[in-house]
Amino acid sequence: MNKNLLVAQSGGPTAAINATLAGIIEEALRSSAVNKVFGAKYGIQGVLRENFIDLSGINNISEMLDTLAVTPAAALGSCRYKLKDPSVDPSEFQNIIDIFRKNEIGYFIYIGGNDSMDTVWKLSEYIKDHNIDDIVVIGAPKTIDNDLYGIDHCPGFGSAAKYIATSISELERELEVYDTPYVIVVEMMGRNAGWLTAAAALAVGNNSNVPYLIYLEEHPFDLNNFISDVRGELSVCNNLIVAISEGIRDKSGKMICDYQDRDQSKDAFGHTIATGAGHVLENAIRSNIGCKVRYIELNLLQRCAGHLLSETDIKESLELGRNAVRLASEGQNGVMSTLTRVPGESYQVTYGSADISEIADREKKVPAEWINDEGNGVKEELINYLKPLVQGEMSCKFENGIPKYIVL
C-alpha cells in the first residue's frame with residue numbers, strides 16, 4: 001500500500017530551502033511509492049499540532065513549483081523547537097508516531113540545518129529503538145552557514161555567498177568615490193564558522209585594487225594586531241574593506257562582540273545571538289586611527305536575497321530534495337540527503353546519503369590550512385572551493401516591478 005509523505009522546514013530561512021521543498025514535492029508526486037504529499041506548517045511544532053496542508057492537491061502544480069523554487073525563505077514556515085530527550089520523556093515522540101499513523105504517513109522529510117538534523121536523529125533513533133518498520137525519517141540539508149557535516153557544501157550557502165560577494169563589490173564603488181582614507185567594516189553571519197565571510201574574497205581584484213582584510217571565526221582575533229593591519233593597508237591605499245565573521249573570538253575564546261554590552265538571551269537550542277563585533281571594530285578604528293569608517297551588518301539580508309540566486313545552488317537544492325524522496329521510498333531511515341564533489345578540473349557532484357548520527361550536533365569549520373598565517377585573509381584553496389558554488393544567475397519572479405513569491 002502506498003504511503004503518504006510529510007515534509008517540514010526548520011531553522012533560519014535561506015534563498016534555496018524552498019527549492020529543496022519543490023524538489024521533494026515534484027519527486028513525491030511522480031513516485032509510485034507515495035500517495036499524498038502533506039506539508040507541516042512551522043516545522044516539528046506543526047507536526048505535533050497536526051497542522052498539515054495537502055500539497056498534492058494544489059492547482060497548476062508545475063507552475064507553482066517553478067515559482068516556489070526561486071522563492072526565498074520557508075514557504076511552510078519554520079520553528080526553533082528542541083524535542084526533549086526521549087530517554088527522559090518519550091511522550092512527544094510517541095505522539096508524533098501516533099499522528100503519522102493516523103494520517104497514514106510513512107515518510108517524513110525534515111529540511112533544516114544542524115539543530116534540525118538533531119531532531120531527525122532523535123526521531124529516527126526512537127523509530128529504530130521501538131522496532132517501527134512502517135515509518136522512515138530523512139533529513140534534507142539547508143543552511144547558509146555551510147557548517148553541516150556529511151556534505152561538501154550546503155544548499156543556500158551558494159546564493160548567500162553570491163549575495164555577499166556582490167554586495168561587497170558594490171561597496172567598493174562607494175569607497176572609490178572618495179580621495180580620503182575610508183574603511184568599511186562588513187559583518188557576516190556565522191556564529192561558529194567563517195564560510196560566509198570567506199565569500200568576500202571572491203570580490204577581491206575583480207573591479208578595483210581596493211585591499212581586503214578578512215577575519216574568520218576559526219582564527220583567534222587580536223584587536224591590537226587588527227589596528228596594525230588597518231594602518232598597514234591605509235599606508236599604501238586610501239580605501240579598505242574589512243570582512244569579519246560575527247563570531248570572531250580572541251585567544252581566550254571571548255567573542256569580540258562581547259567587548260561591549262549586548263543582549264545575552266538564548267534560543268531554544270541554547271545559542272546566544274552573536275552580533276555587534278563590527279561595531280566594536282568600527283569604534284576601535286575611529287579612536288585609534290581617526291579616519292572615516294562605516295560598519296555594515298548584512299544580517300538577515302544575506303539569507304533571503306531572491307533577486308540574486310546562484311543557479312548552481314538552486315539546481316543542486318532541487319536535486320537534493322528529489323534525492324531525499326528516493327531515499328525515503330527505498331526505506332532508508334536516519335539518513336540525510338547529501339552531495340559529494342567529484343575530484344577533477346571540471347565541477348561535478350554526485351548525490352547520495354550520510355548517516356544522521358555522523359551529522360547531528362557537529363559543525364564543519366573552514367580548514368585552518370585555508371587561512372593565511374596572519375589570520376587576515378584566505379588562501380587560493382578556499383577561493384577554488386567557493387567559485388563553482390556561485391556560478392550562474394537566477395532570480396525570483398517579478399510582478400508589477402517587484403518580487404512575486406509563493407505563499408502556501
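The values are calculated or read from the model by the stated rules, or taken from the named source; none is laboratory data. Model, not experiment: these values are computed from the prediction. No Cβ is skipped: glycine too gets one built from the backbone with ideal geometry, and neighbour counts run over all protein chains shown.
Of all the listed residues (TYR178, TYR182), the sole one being modelled with pLDDT of 95 or more, over 29 Å from LYS82 (Cβ atoms) and in contact with a Lys or Arg (Cβ under 9 Å, 6 or more places away or on another chain) is TYR182. Entry remark, region 376-408: residues being farther than 22 Å from CYS304 by Cα and in contact with a strand residue (DSSP E or B) (Cβ under 9 Å, 6 or more places away or on another chain) number 6 in total.
Per this entry, ALA354 is not counted among residues that are in contact (Cβ under 8 Å) with a residue 60 or more places away in the chain and either under 30 Å from TYR215 (Cβ atoms) or assigned to a helix (DSSP H, G or I) (or both). With respect to (1) outside any helix (DSSP H, G or I); (2) modelled with pLDDT of 95 or more; (3) under 30 Å from ASP133 (Cα atoms), the lone exception for VAL366 is condition (3). Within region 165-197, the set of residues being farther than 25 Å from MET255 by Cβ and β-branched (Val, Ile, Thr) comprises THR166, VAL177, THR180.
One residue alone among GLY253, GLY194, GLY232 is at pLDDT below 95 and not aliphatic (A, V, I, L, M), and that residue is GLY253. Selection over region 369-381 of residues that are in a loop (DSSP other than H, G, I, E, B) and either surrounded by fewer than 19 Cβ atoms within 10 Å (Cβ to Cβ) or within 18 Å of the chain's Cα centre (by Cα) (or both) gives a count of 4. Of all residues in region 350-364, those satisfying the criterion of being crowded, with 18+ Cβ neighbours inside 10 Å and out of contact with any Gly (no Cβ under 7 Å at 6 or more places or on another chain) are SER353, ALA360, LYS364. Across region 12-36, the qualifying residues are those that are surrounded by fewer than 24 Cβ atoms within 10 Å (Cβ to Cβ) and of a type in the set (Gly, Ala, Ser), and the one among them that is nearest to LYS162 (Cα to Cα) is GLY12. Residues in region 284-318 that are over 22 Å from ASP145 (Cα atoms), in a helix (DSSP H, G or I) and without any contact (Cβ under 8 Å) to a residue 12 or more places away in the chain: ARG286, SER287. Within region 185-206, residues that are within 20 Å of ARG362 (Cβ to Cβ) sit with their Cβ atoms under 9 Å from residues that are among the basic types (Lys, Arg) and not in a strand (DSSP E or B), at 6+ positions apart or across chains, in these pairs: MET189/ARG303; ASN192/LYS365; ALA193/LYS364; ALA193/LYS365; GLY194/LYS365; TRP195/LYS364; TRP195/LYS365. Selection of region 68-112 for residues being surrounded by 17 or more Cβ atoms within 10 Å (Cβ to Cβ) and polar (S, T, N, Q) yields THR71, SER78. In region 319-348, the qualifying residues are those that are in contact with a helix residue (DSSP H, G or I) (Cβ under 7 Å, 6 or more places away or on another chain) and in a loop (DSSP other than H, G, I, E, B), and the one that is surrounded by the fewest Cβ atoms within 10 Å (Cβ to Cβ) is TYR347. The residue that is surrounded by the most Cβ atoms within 10 Å (Cβ to Cβ), counting only those in region 285-318 that are polar (S, T, N, Q) and at pLDDT 95 or above, is SER317.
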